[in-house]
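Engineer: Quick one: the structure is below, and I'll ask about it shortly.
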Amino acid sequence: MKQLIYLTLLCITRVTGSYTQTNSHQYDINTVNTDLIFKYPDTTNNIFLRALRNEYKLSELTQNKSTDIDKVLSVLNWTHNQWKHNGSNEPSKSDALTILKEAKEGKTFRCVEYGIVLTSALQALNFKARVVGLKTADVETKKYGAGHVLAEVWMPQFDKWVLIDGQFNVMPILDNIPLNAVEFQQAISANKKYKLIDVNGEVSKLSAKMYTKFVFDYLYFIDARFDNRNDSADQRVVHEGKSTLMLVPLGVKNPTVFQVKYPMDNLFYTNSINDFYRKPN
């Protein structure tokens, strides 16, 4: 639980008054740390994911979908509609089955829980997926609202990681290619003609504008756990004792505190795009 504390605090929906388009963040595009290991669940033999898939009939969401993008959008839409967002409530346990059970009972949850359920539902359908934390540039000094949580999924159709936001039910695309978090930030900064889509196609211009205003400040520090398995009995994968990889722009100080008083002592830092967006095994 400790490794998720800084992700789960005060993840509140808000729309900033405006955002400033700046030059895209700069990253190391050459270095690869081959010592970093990422783990994803064995969907065939994972009891937890099998229970999730069967109890919620997840296979029906994708059975008539021929492309990865249509399959992912269907799961994204399903996740979004399981409860109404509430920035304060937490589940009794931070796993998809518990969250969905308590949502059935009428409970509502944060962005964190959308990220967890979306990730597990995609994993149950044999996608490699991970919960992703976004942090503002002033994450250390901002007293609240310094983080947002969503997911990224590996799409074999495009041979790349793709950002998906369960709370807002959107996926960014540019020239019909879905974007990861870094690519989305770059597209916004460069004022490119990206689109936000859901299961029904492109969202309205107003919805896209509001989401962009909301998410832009968060697309600064980006992190994901090394071990993306669920209830595995195996020892959890860490690197140098750290559970989570954070991508930091070049020339920027590594943040160590979340919202003034919560230590982020579980992070291993990298400036390398190749490290963070490695193709999963």
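The values are calculated or read from the model by the stated rules, or taken from the named source; none is laboratory data. Here the structure is a predicted model, which means the values were calculated and not measured. Every residue, glycine among them, receives a Cβ derived from its backbone with ideal geometry; neighbour counts consider all protein chains shown.
Engineer: Here is a list of conditions, (1) closer than 19 Å to residue 53 by Cβ; (2) touching a residue at least 12 places away in the same chain (Cβ under 8 Å); (3) surrounded by fewer than 17 Cβ atoms within 10 Å (Cβ to Cβ), and residue 86 meets all of them except one; can you say which number that is?
Structural biologist: (1)
Engineer: Next question. Scan region 31-70 for residues that are within 19 Å of the chain's Cα centre (by Cα), more than 18 Å from residue 277 (Cα to Cα) and aliphatic (A, V, I, L, M) and report the count.
Structural biologist: Final tally of qualifying residues: 2.
Engineer: Could you say whether any residue in region 238-256 is among the aliphatic types (A, V, I, L, M), under 26 Å from residue 42 (Cβ atoms) and without any contact (Cβ under 8 Å) to a residue 40 or more places away in the chain?
Structural biologist: yes
Engineer: Might you check whether a residue that is aliphatic (A, V, I, L, M) and closer than 19 Å to residue 25 by Cβ occurs anywhere in region 221-230?
Structural biologist: Yes, region 221-230 contains at least one residue that is aliphatic (A, V, I, L, M) and closer than 19 Å to residue 25 by Cβ.
Engineer: When you check residue 92 against the structure, is it surrounded by fewer than 20 Cβ atoms within 10 Å (Cβ to Cβ) and closer than 21 Å to residue 40 by Cβ, yes or no?
Structural biologist: For residue 92, the condition - surrounded by fewer than 20 Cβ atoms within 10 Å (Cβ to Cβ) and closer than 21 Å to residue 40 by Cβ - is not met.
Engineer: With respect to residue 7, determine if the residue is touching an Asp or Glu at 6+ places or on another chain (Cβ under 9 Å), at pLDDT 95 or above and either outside any loop (DSSP other than H, G, I, E, B) or under 22 Å from residue 242 (Cβ atoms) (or both).
Structural biologist: So residue 7 does not fit the description; no.
Engineer: If the Cβ limit is 9 Å and pairs must be 6+ apart or interchain, which residue in region 139-155 that is of a type in the set (S, T, N, Q) pairs with which residue that is in a strand (DSSP E or B) and at pLDDT 95 or above?
Structural biologist: Between residues of region 139-155 that are of a type in the set (S, T, N, Q) and residues that are in a strand (DSSP E or B) and at pLDDT 95 or above, the close pairs are 141/257.
Engineer: Please report, ordered by residue number, the strands (runs of 3 or more DSSP E) entirely within region 159-255 with at least 2 residues that are modelled with pLDDT of 95 or more and charged (D, E, K, R).
Structural biologist: 195-198, 221-225
Engineer: Residue check, residue 216 against (1) surrounded by fewer than 20 Cβ atoms within 10 Å (Cβ to Cβ); (2) within 26 Å of residue 139 (Cα to Cα), all met but one. Which one?
Structural biologist: Here residue 216 meets the rest and fails (1).
Engineer: Could I ask something else about it? Do you know which residues across region 126-148 are assigned to a loop (DSSP other than H, G, I, E, B), buried (at least 24 other Cβ atoms within 10 Å of the Cβ) and charged (D, E, K, R)?
Structural biologist: none
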